[in-house]
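Notes for the one structure printed next.
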Amino acid sequence: MTGVGADVRLHVPDASRLVNAVLKRSTGKDSYVHGESHWKRVAAAGLALLSETPEADPTLVFLFALFHDSMRLNDNRDPMHGPRGAMLARDLRGKAFELDEERMDLLAFACEEHTNAGLAEDPRVGVCWDADRLNLWRVGIKPDPRLLSTEAARSNGRIEWARSLQQEPFVWDKLYRAFGLPEGHRHQSGEAN
Ligand SMILES: [Fe+2]
Ligand SMILES: [Fe+2]
């Protein structure tokens, strides 16, 4: 995987510090279904879609992967977890990452609405939601192309490709590199899933 641009670096100068800040506040990081291992796979799926969706925004994809399920209280019905994830993002903006008002609103919208199964008109949001939905394989659900917003996610083979995400090991450092971010030094979790 190659870096996707300097914009992410500008907004996330220390990815390791940001991930640790989210892990510290997260109520759902340990869940197999919605926790940290899922966040990494959403980031990885997002990367694949980014390379085929020039209008998408790598910074938003990285931040969405990190925040959207960060504040889940359980793996079942928790309709307010998206809004709580958006609140955490607003709280850490300016402390652990930078983002202008317009894109902060877009990130918040993407987090708040990601569970409502709608399609996104804006491809910057669509890639985020599709990356999340492509990871439905982890709970034995084949992603429905009618619920995917971007051509890249619906394209031949992408849904099948996403099935293998669950078997692949993911470490943050590799994902940072793929997003063009410098590698981190320390992680609270330290795991390799
Ligand atoms: Fe969610
Ligand atoms: Fe998710």
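Per-residue 3J(HN,Hα) values for the stretch 156-169, derived from phi via the Karplus relation 6.51 cos²θ - 1.76 cosθ + 1.60 with θ = phi - 60°, read 3, x, 5, 5, 5, 4, 5, 4, 6, 4, 5, 7, 7, x Hz in sequence order (x marks Gly and Pro).
Once both labels are positioned 7 Å from their Cα atoms along Cα-to-Cβ, the gap between ASN74 and LEU10 label points is 4.4 nm. Comparing mean-square fluctuations of LEU147, LEU134, LEU63 from a GNM of the chain with C-alpha springs under 10 Å, the top value falls on LEU147.
Once the dipole of the stretch 10-179 is set up with Lys and Arg at +1 and Asp and Glu at -1 on Cβ about the Cα centre, which of VAL127, SER164, PHE62 lies farthest towards its positive end? The residue sitting farthest along the positive end of the dipole is SER164. Each Lys or Arg adds one and each Asp or Glu takes one away; over the other residues whose Cβ falls under 15 Å from the Cβ of GLU98, this sums to -2.
Please report, in debye to the nearest 20, how large the charge dipole of the stretch 10-179 is about its Cα centre when each Lys and Arg carries +1 at its beta carbon and each Asp and Glu carries -1 there.
With Lys and Arg at +1 and Asp and Glu at -1, about 640 debye.
Classified by the C-alpha gyration tensor, the stretch 73-141 has an oblate form. Its axis ratio a/c, with a ≥ b ≥ c, is 1.5 or above, and a/b does not exceed b/c. In the neighborhood of ALA117, defined by Cβ-to-Cβ distances under 14 Å, what is the net charge if each Lys or Arg adds +1 and each Asp or Glu adds -1? Every neighbour counted, the sum reads -3.
Take every pair of alpha-carbon atoms less than 8 Å apart whose residues are at least six positions apart; their mean separation over the length of the stretch 10-179 yields a relative contact order of 27 percent. Scanning the chain for trypsin sites (Lys or Arg not before Pro) in DSSP loops with at most 12 other Cβ atoms within 10 Å, what's the longest stretch left with none? Longest site-free region, per DSSP loop and neighbour criteria: 96-185.
Give the shape of the stretch 29-113 as rounded, prolate or oblate, defined through the alpha-carbon gyration tensor: a ≥ b ≥ c are the square roots of its eigenvalues, a/c under 1.5 means rounded, and otherwise the shape is prolate if a/b is larger than b/c and oblate if not. Judged from the Cα gyration tensor, the stretch 29-113 comes out oblate (a/c at least 1.5, b/c at or above a/b). Going from the residue with the fewest nearby Cβ atoms within 10 Å to the one with the most, THR59, THR115 rank THR115, THR59. Using just its DSSP H runs of length 4 or more, each adding -39500 (n - 2.57), the chain gives a mean residue ellipticity at 222 nm of -14500 deg cm²/dmol after division by all residues. For the stretch 1-70 versus the stretch 99-135, the inter-centroid distance based on Cα atoms is 12 Å.
Annotation: amide H of SER31 within the under-5 Å range of GLU36, sequence separation 5 or more or interchain, hydrogens built in the peptide plane. At an R0 of 30 angstrom, the distance between the Cβ atoms of ARG17 and ILE141 translates into a FRET efficiency of 0.30.
Three principal axis extents describe the C-alpha atoms of the stretch 54-102; from largest down they are 33, 27, 16 Å. By the gyration tensor of its Cα atoms, with a ≥ b ≥ c the square roots of the eigenvalues, what is the shape of the chain: rounded for a/c under 1.5, prolate for a/b over b/c, or oblate? Rounded shape, in that the Cα axes give a/c under 1.5. Note on HIS11, HIS38, HIS68: ascending count of other Cβ atoms within 10 Å places them as HIS11, HIS38, HIS68, the fewest first.
The numbers here are math on the coordinates, done by the rules we state, and not lab data. These numbers were taken from a predicted model, which means no experiment stands behind them. Don't worry about glycine lacking a Cβ; one is built from the backbone with ideal geometry, like all the others, and counts go over all protein chains shown.
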